[in-house]
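Q: Below you'll find the structure I mean.
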Amino acid sequence: MTTAFVVNSGSSSLKWELVDVESGEKLRGALVERVTDHTAAMAGVLEELGGEHPAVIGHRVVHGGSRFTRATLVTDEVEAAIDELSALAPLHNPANLAGIRAARAAFPGVPNVAVFDTAFHQTLAPEAYTYAIDAAVARENGIRRYGFHGTSYQYVSRAAGELLGDPAAKLIVFHLGNGASVAAVDGGRSVETSMGMTPLEGLVMGTRSGDLDPGILFHLGRSGVTLEALDGLLNRRSGLLGLAGTNDMRDVQAAAASGSADARLALDVYHHRLRHYLGAYLALLGGADAIVFTAGVGENSSATRAAVVAGMEAFGIVIDERLNDAPSKDARVVSSPSSRVAVLVVPTDEELEIARQAAALL
Ligand code: ADP
């Protein structure tokens, strides 16, 4: 049995899982909260494991910039590069790095592997990742689209390919969690995705606005709103929360059902944006073999799935109401047999993907 220890180190939490790589079974795991000292927290985990050493340790790292195109064995030099990339992800990379350092200290001799959220999207073509701004400014500041949720997309697109019996399938994958994005995947390669230089661009999310006119920032800035306040507005007080007063999709749906006009509008905006991207990615891919839904909302909300593909029969997309409404935890087809484009629900498993990618480097 090859076991991988999977670490998701946040600024004040440490989520870990011990995974049997061959069977995919989760052997142990916990979420340690209110972490102030990652080294002490990791020492606590080591104690909980009873001194048992995994074969490999896989770390979730949010930003790999343009440098990391795949999972990478951690060395001092890789640590330094992740540190440098903190400029692009100031909230995440330092916390991820603290987890890496703590694990290297707690488990001497066990290889550590960094698995980047951005890596899967390094296959984007220049026309997809380039922002149309002054090229010198962009170059000097690392400004380009990177995309996120890559570990999830990698896991889900492989599983969707298996379900379809076609690893070369063209897929439009909606990862709809608290953070949300969509990717166009052609034969296992990401060709477009909705998140950009940061996870703020694209879809309406739990608390993030997604796409908006950047002119809004100048308008608010000129009226005296500070940079910090703008950051808080767009990242933490927008999206479903900003429109409906809650970031939990279940609560928004319940409020809309009991007549809240704000919640109804929030759902309409959320769906409108999803349909906008679906149309765009159908065009980019020249048609898709499947539309795939994953993460909290994508896996559990049949209403969201139905709203995204409603009225798209002209594009060969026909959902089967009964299949779509049937609760299940398995990867499954929810489109009608007459649908030219399959509609799939594929539960994501980022921890297992990190475990597999880490073990593959052994
Ligand atoms: P995270 O991005 O934090 O990992 P998840 O992938 O767990 O988030 O997704 C969280 C979202 O999924 C929440 O908005 C939650 O309301 C939503 N969700 C979970 N179950 C359901 C459901 N049955 N119906 C609608 N939304 C759901």
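Q: Taking LEU240 as the residue in question, decide whether it is under 21 Å from the mean Cα position of the chain (by Cα) and in contact (Cβ under 8 Å) with a residue 24 or more places away in the chain.
A: yes
Q: State all residues of region 348-362 that are part of a helix (DSSP H, G or I) and more than 16 Å from the ligand (Cβ to nearest atom); if no residue qualifies, say none.
A: Residues satisfying the conditions are ALA355, ARG356, GLN357, ALA358, ALA359, ALA360.
Q: Which members of region 68-108 meet the condition of being within 20 Å of ARG144 (Cβ to Cβ), in contact (Cβ under 8 Å) with a residue 12 or more places away in the chain and part of a loop (DSSP other than H, G, I, E, B)?
A: The answer is PHE68, THR69, ARG70, LEU88, ALA89, LEU91, HIS92.
Q: Looking at region 257-278, can you tell me whether even one residue there is crowded, with 16+ Cβ neighbours inside 10 Å, away from the ligand (no atom under 15 Å from the Cβ), hydroxyl-bearing (Ser, Thr, Tyr) and part of a helix (DSSP H, G or I)?
A: So far as region 257-278 goes, yes, one or more of its residues are crowded, with 16+ Cβ neighbours inside 10 Å, away from the ligand (no atom under 15 Å from the Cβ), hydroxyl-bearing (Ser, Thr, Tyr) and part of a helix (DSSP H, G or I).
Q: Of everything in region 221-245, what is touching a helix residue (DSSP H, G or I) at 6+ places or on another chain (Cβ under 6 Å) and either acidic (Asp, Glu) or within 12 Å of the ligand (Cβ to nearest atom) (or both)? Give them in sequence order.
A: Hits for region 221-245 are LEU240, ALA244.
Q: For region 173-189, which positions are surrounded by fewer than 24 Cβ atoms within 10 Å (Cβ to Cβ) and more than 16 Å from the ligand (Cβ to nearest atom)? Show your work before the answer.
A: First, pick out the residues of region 173-189 that are surrounded by fewer than 24 Cβ atoms within 10 Å (Cβ to Cβ): 177-179, 186-189.
Correct list: ASP186, GLY187, GLY188, ARG189.
Q: Filter region 118-171 down to the residues that are surrounded by fewer than 16 Cβ atoms within 10 Å (Cβ to Cβ), among the hydrophobic types (A, V, I, L, M, F, W, C) and touching a residue at least 12 places away in the same chain (Cβ under 8 Å) and list them by number.
A: Within region 118-171, ALA125, ALA168 qualify.
Q: On to the next question. Got at least one residue in region 193-211 being of a type in the set (Lys, Arg) and within 16 Å of the ligand (Cβ to nearest atom)? Before you say what the answer is, go through the steps one by one.
A: Of the residues in region 193-211, the ones of a type in the set (Lys, Arg) are 208.
If we keep only those that are within 16 Å of the ligand (Cβ to nearest atom) too, we end up with 208.
Yes, region 193-211 has at least one match.
Q: Which residues, taken from region 22-67, are closer than 19 Å to GLY109 by Cα and not in a helix (DSSP H, G or I)?
A: Scanning region 22-67 gives LEU49, GLY50, GLY51, GLU52, HIS53, PRO54, ALA55, VAL56, ILE57, GLY58, HIS59.
Q: Which residues, counting only those in region 13-23, are surrounded by 13 or more Cβ atoms within 10 Å (Cβ to Cβ) and either in contact with an Asp or Glu (Cβ under 6 Å, 6 or more places away or on another chain) or of a type outside the set (Lys, Arg) (or both)? Walk me through how you get there before you give the answer.
A: The initial filter retains those residues of region 13-23 that are surrounded by 13 or more Cβ atoms within 10 Å (Cβ to Cβ), namely 13-21.
Within region 13-23, SER13, LEU14, TRP16, GLU17, LEU18, VAL19, ASP20, VAL21 qualify.
Q: Tell me, yes or no, whether region 54-63 has at least one residue that is modelled with pLDDT of 95 or more, farther than 17 Å from GLU351 by Cβ, out of contact with any strand residue (DSSP E or B) (no Cβ under 8 Å at 6 or more places or on another chain) and surrounded by 16 or more Cβ atoms within 10 Å (Cβ to Cβ).
A: So far as region 54-63 goes, no, none of its residues is modelled with pLDDT of 95 or more, farther than 17 Å from GLU351 by Cβ, out of contact with any strand residue (DSSP E or B) (no Cβ under 8 Å at 6 or more places or on another chain) and surrounded by 16 or more Cβ atoms within 10 Å (Cβ to Cβ).
Q: Now for a different question. For residues that are of a type outside the set (A, V, I, L, M) and touching a residue at least 40 places away in the same chain (Cβ under 8 Å), tally how many sit in region 270-285.
A: Start the filter on region 270-285 by keeping residues that are of a type outside the set (A, V, I, L, M), which leaves 270-273, 275-277, 279, 281.
Okay, now just the ones that are also touching a residue at least 40 places away in the same chain (Cβ under 8 Å), so 270, 273, 277, 281.
Residues in region 270-285 being of a type outside the set (A, V, I, L, M) and touching a residue at least 40 places away in the same chain (Cβ under 8 Å): 4 in total.
Q: Among the listed residues SER339, SER301, SER260, which satisfies the condition of being over 29 Å from VAL61 (Cβ atoms), small (Gly, Ala, Ser) and within 19 Å of the chain's Cα centre (by Cα)?
A: Criteria check complete, one pass: SER301.
Q: Within 16 Å of ASN112 (Cα to Cα), surrounded by fewer than 16 Cβ atoms within 10 Å (Cβ to Cβ) and either touching a strand residue (DSSP E or B) at 6+ places or on another chain (Cβ under 6 Å) or not β-branched (Val, Ile, Thr) (or both), is that true of ALA40?
A: Here the answer is no, as ALA40 does not meet what is asked.
The values are calculated or read from the model by the stated rules, or taken from the named source; none is laboratory data. Fair warning: this is a prediction, and the values are worked out from it, not measured in the lab. Cβ sites come from the backbone with ideal geometry, for glycine too, and all protein chains shown count toward neighbours.
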